[in-house]
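Visitor: Provided herewith is a single structure, encoded as structure tokens, for subsequent inquiry.
The values are calculated or read from the model by the stated rules, or taken from the named source; none is laboratory data. For clarity, every value in this text was computed on a predicted model and none was experimentally measured. Cβ coordinates were reconstructed from backbone atoms using ideal geometry, including for glycine residues, and neighbour counts include every protein chain displayed.
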Amino acid sequence: MPLLEVWIGGIMLAALILYVLSGGADFGGGVWDLFATGTRATAQRELIAHALAPIWEAHHVWLIVVIVIFFTAFPTAFATMTTILHIPFVLMLIGIVLRGSAFAFRAYGIQSGRGQRRWSLLFAISSLITPIMLGVIAGAMASGTIPTHQEGEPALSDFFTPWLAPFPLAIGFFTLTLCAFLAAVYLILETDDPRLQDDFRCRALYSALAVGVLAWISFLLAGTGAPLIRHGLSERGWSIPFHLCTGLVALGALWALWKRRFHLARILAILQVTLIILGWGLAQFPYLIAPDLTLQNSAAPASVLRPLLIILIAGAFVLAPSFWYLYAVFKGRTRPGQTRSRARR
């Protein structure tokens with residue numbers, strides 16, 4: 001396989017990982033906003049709003065990078081995905097728009113009790129929709145049920161069967177649980193209040209266990225729902241060592257949460273999610289949409305790929321310091337316990 005397509009596909013996967021680690025965790029914050037309970041429910045929601053407010057829109061840059069690479073470098077696969085899976089794709093985009101709108105109106109709109117509750121509910125529900133649909137799309141693309149003609153064009157489909165199936169839906173909820181897990185781990189370090197830290201520590205432990213359960217359910221469903229993924233995750237030379245590494249990292253994250261080693265827990269949680277997505281990409285390689293569309297047969301001409309790769313590399317030298325500066329300004333100079341009052345202003 002030509003190296004150019006592999007490099008660009010790897011960059012697309014890396015951008016997807018960065019989106020889940022950042023934007024996915026933002027959606028996970030919406031999950032915990034929905035399930036904020038008890039006497040500290042208001043404080044939990046204020047903490048979530050404070051953590052998201054300065055940075056949440058910037059994280060969508062990584063999703064934009066994924067989509068731009070997809071339709072520029074692999075137009076045939078992108079056309080097939082947006083045709084056959086246009087329903088979950090549009091639902092995902094609607095969820096992004098509704099979540100952003102609800103978050104902004106809740107923060108800056110008229111502060112009536114009923115209005116706040118409505119915006120909060122819309123914010124939470126849309127935070128559920130987007131990660132579920134993202135996972136559903138990924139599961140459907142790997143399932144081998146998306147029909148294509150020999151020329152690579154999408155064949156006729158009912159637009160529901162490829163994604164309304166057990167395996168894609170399981171991956172959708174698995175993705176949601178990963179986002180909730182990341183959000184809970186991140187939020188622990190967004191406050192100095194030990195009671196709020198305990199609240200999100202418990203949520204992180206529960207969601208970590210849910211991640212493990214859904215991972216096994218998805219793996220079992222892959223036997224019939226996505227044989228390519230099942231084969232890649234169980235029968236390739238790297239499969240067992242990779243599983244052992246991911247499992248050890250997951251157990252390490254649980255241990256760190258249990259022992260209240262929260263900085264270590266955040267590092268391990270990031271590494272765990274990174275390994276999960278990377279393992280998926282390796283298992284599906286070289287297919288973009290199973291079983292017909294690969295990185296090679298759906299790629300644009302080299303005359304397109306070469307300048308695209310140059311632009312992506314050059315863009316990384318702009319994006320990386322920009323995000324570093326963003327985090328340094330909004331996350332590095334103050335402690336949340338000192339700034340939560342500022343978030344209300």
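Visitor: Provide a single number: the residues in the range 233-257 that are part of a loop (DSSP other than H, G, I, E, B) and of a type in the set (S, T, N, Q). It would help to see each step written out before you state the result.
Guide: Just the residues of the range 233-257 that are part of a loop (DSSP other than H, G, I, E, B), to begin with: 235-238.
After this cut, where a residue has to be of a type in the set (S, T, N, Q) as well, the list is none.
Selection size over the range 233-257: 0.
Visitor: Kindly establish whether L93 is at pLDDT 85 or above, crowded, with 16+ Cβ neighbours inside 10 Å, closer than 23 Å to T175 by Cα and under 21 Å from the mean Cα position of the chain (by Cα).
Guide: Here the answer is no, as L93 does not meet what is asked.
Visitor: Using the structure shown, decide if A299 is in contact (Cβ under 8 Å) with a residue 24 or more places away in the chain, in a loop (DSSP other than H, G, I, E, B) and either out of contact with any Gly (no Cβ under 7 Å at 6 or more places or on another chain) or buried (at least 19 other Cβ atoms within 10 Å of the Cβ) (or both).
Guide: Here the answer is yes, as A299 does meet what is asked.
Visitor: Next question. Of all residues being over 18 Å from T177 (Cβ atoms) and out of contact with any Gly (no Cβ under 9 Å at 6 or more places or on another chain) in the range 216-237, which is surrounded by the fewest Cβ atoms within 10 Å (Cβ to Cβ)? Just the residue, please.
Guide: If we take residues in the range 216-237 being over 18 Å from T177 (Cβ atoms) and out of contact with any Gly (no Cβ under 9 Å at 6 or more places or on another chain), then G237 is surrounded by the fewest Cβ atoms within 10 Å (Cβ to Cβ).
Visitor: All but one of (1) closer than 25 Å to V185 by Cβ; (2) under 20 Å from the mean Cα position of the chain (by Cα); (3) modelled with pLDDT under 95; (4) buried (at least 16 other Cβ atoms within 10 Å of the Cβ) hold for G247; state the number of the condition that does not hold.
Guide: Here G247 meets the rest and fails (4).
Visitor: Inside the range 6-64, can you point out the residues that are modelled with pLDDT of 85 or more and of a type in the set (S, T, N, Q)?
Guide: Scanning the range 6-64 gives S22, Q44.
Visitor: Also: Residue check: is R230 without any contact (Cβ under 8 Å) to a residue 60 or more places away in the chain, of a type in the set (D, E, K, R) and part of a loop (DSSP other than H, G, I, E, B)?
Guide: no
Visitor: Could you count how many residues in the range 20-78 are in a loop (DSSP other than H, G, I, E, B), closer than 30 Å to L4 by Cβ and of a type outside the set (A, V, I, L, M, F, W, C)?
Guide: We begin by selecting, within the range 20-78, every residue in a loop (DSSP other than H, G, I, E, B); these are 35-40, 53-59, 74.
Subsequent filtering for residues that are closer than 30 Å to L4 by Cβ retains 58-59, 74.
Applying the additional criterion that residues be of a type outside the set (A, V, I, L, M, F, W, C) yields 59.
The qualifying residues number 1.
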